[in-house]
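Below you'll find the structure, written out as structure tokens, and then a few comments.
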Amino acid sequence: MSKNSRGQKEYSRLQEALHENKKLKREISSLRKQLARLDLDRHDYVKDIIEEHLHEETPAKVLEAMKEEWKCKKCNIGYLEIVLYTKVGDPWYFRKCNFCPHRTTSKQYFPDKVEGIVKGMKSNP
């Protein structure tokens, strides 16, 4: 049998993290139960607000907002598009202006974290 290589403080930090994780899981479970009990049909105004918000955001409006957000700082005419490529089997990307030669440095691509216009993306009217 080998000895435990962790010190007392590390062990207490581990136990503390486990305890905090259990508390968060209980809180998430409680919030899910409360959400399940909430009757959205009874609150028509909430349903109306949600539907109104969804109708306002058309794909063309979202694309225009993204073009404005990712406007090129060098030429102020074009916008930065995400160019994807693979590097050692992993997806990487850089942003390149569609008007001038300006581009950003390469970074590893994570679809859930990287926002912007992917090159070749079309709007659906």
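The values are calculated or read from the model by the stated rules, or taken from the named source; none is laboratory data. Computed from a predicted model, the values in this text were never measured in an experiment. Using ideal geometry, Cβ is built from the backbone for each residue, glycine included, and neighbour counts are taken over all protein chains shown.
Brief remarks on what is shown
- Looking at Ile77, Ile117, just one residue is of a type outside the set (D, E, K, R) and in contact with an Asp or Glu (Cβ under 8 Å, 6 or more places away or on another chain), and that residue is Ile117.
- Restricting Val46, Val88, Val62 to residues that are aliphatic (A, V, I, L, M) and modelled with pLDDT of 85 or more narrows the list to Val88.
- Filter result for Glu69 (surrounded by 11 or more Cβ atoms within 10 Å (Cβ to Cβ) and either at pLDDT 75 or above or among the basic types (Lys, Arg) (or both)): yes
- Qualifying residue in the range 26-34 (condition: more than 30 Å from Thr104 (Cβ to Cβ), at pLDDT below 80 and exposed (fewer than 10 other Cβ atoms within 10 Å of the Cβ)): no
- Taken over the range 65-98, the criterion of being under 20 Å from Tyr109 (Cβ atoms), among the hydrophobic types (A, V, I, L, M, F, W, C), assigned to a loop (DSSP other than H, G, I, E, B) and in contact with a strand residue (DSSP E or B) (Cβ under 6 Å, 6 or more places away or on another chain) is satisfied by Trp70 alone.
- Here Gly116 meets the list (1) in contact with a Leu (Cβ under 9 Å, 6 or more places away or on another chain); (2) loosely packed, with under 11 Cβ neighbours inside 10 Å almost entirely, failing just condition (2).
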